[in-house]
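Peer 1: Once you've had a glance at the structure underneath, I'll fire off some questions.
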């Protein structure tokens, strides 16, 4: 899925290396039927702070019609509340302009 998404951008969206050194504390996968259409993960750094990782949604399933990103992020927020996490850090790349707007709507701040 990430390889498919990477074709939308001129600059690389990942290093191309597989990382086995960081295990995420929670990971969600969105399906449409049997097709994987989105992912998101969370890495807890301490008892009330975490990092959002691997937020990807296939182009066809982005936006309000499907609400895939919203559903994935809601899962992160719900889990974070259960875990007592009060802050979520998000790092993203400059080329993800639409994602920046989405994150700002979801109350993430620069």
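The values are calculated or read from the model by the stated rules, or taken from the named source; none is laboratory data. Keep in mind that this is a model prediction, so the values were computed, not measured. Here the Cβ is made from the backbone with ideal geometry for all residues, glycine too, and neighbour counts use every protein chain on show.
Peer 1: Can you find a residue that is touching a strand residue (DSSP E or B) at 6+ places or on another chain (Cβ under 7 Å) and either within 20 Å of residue 1 (Cα to Cα) or without any contact (Cβ under 8 Å) to a residue 24 or more places away in the chain (or both) anywhere in segment 90-101? Before the answer, list the steps.
Peer 2: Residues of segment 90-101 that are touching a strand residue (DSSP E or B) at 6+ places or on another chain (Cβ under 7 Å), as a first pass: 90.
Among the residues that remain, those that are also either within 20 Å of residue 1 (Cα to Cα) or without any contact (Cβ under 8 Å) to a residue 24 or more places away in the chain (or both) are: none.
Checking segment 90-101: not a single residue is touching a strand residue (DSSP E or B) at 6+ places or on another chain (Cβ under 7 Å) and either within 20 Å of residue 1 (Cα to Cα) or without any contact (Cβ under 8 Å) to a residue 24 or more places away in the chain (or both).
Peer 1: Filter segment 75-110 down to the residues that are modelled with pLDDT of 90 or more and assigned to a loop (DSSP other than H, G, I, E, B), then identify the one that is surrounded by the most Cβ atoms within 10 Å (Cβ to Cβ).
Peer 2: 85
Peer 1: Here is a further query. Any idea which of 62, 87 is in contact (Cβ under 8 Å) with a residue 24 or more places away in the chain and farther than 19 Å from residue 4 by Cα?
Peer 2: On the way: 62 fails: farther than 19 Å from residue 4 by Cα.
None of the others qualify; the one that does is 87.
Peer 1: Of everything in segment 62-74, what is buried (at least 16 other Cβ atoms within 10 Å of the Cβ) and under 14 Å from the mean Cα position of the chain (by Cα)? Give them in sequence order. Outline the logic, then answer.
Peer 2: Going residue by residue through segment 62-74, those that are buried (at least 16 other Cβ atoms within 10 Å of the Cβ) are 62, 66, 68-69, 72-73.
The answer is 62, 68, 69, 72, 73.
Peer 1: Something else now. So, in segment 22-73, how many residues would count as being at pLDDT 95 or above and part of a loop (DSSP other than H, G, I, E, B)?
Peer 2: Of the residues in segment 22-73, 2 are at pLDDT 95 or above and part of a loop (DSSP other than H, G, I, E, B).
Peer 1: Within segment 29-49, is even one residue on the phi < 0 side of the Ramachandran plot, surrounded by fewer than 15 Cβ atoms within 10 Å (Cβ to Cβ) and within 13 Å of the chain's Cα centre (by Cα)?
Peer 2: Checking segment 29-49: at least one residue is on the phi < 0 side of the Ramachandran plot, surrounded by fewer than 15 Cβ atoms within 10 Å (Cβ to Cβ) and within 13 Å of the chain's Cα centre (by Cα).
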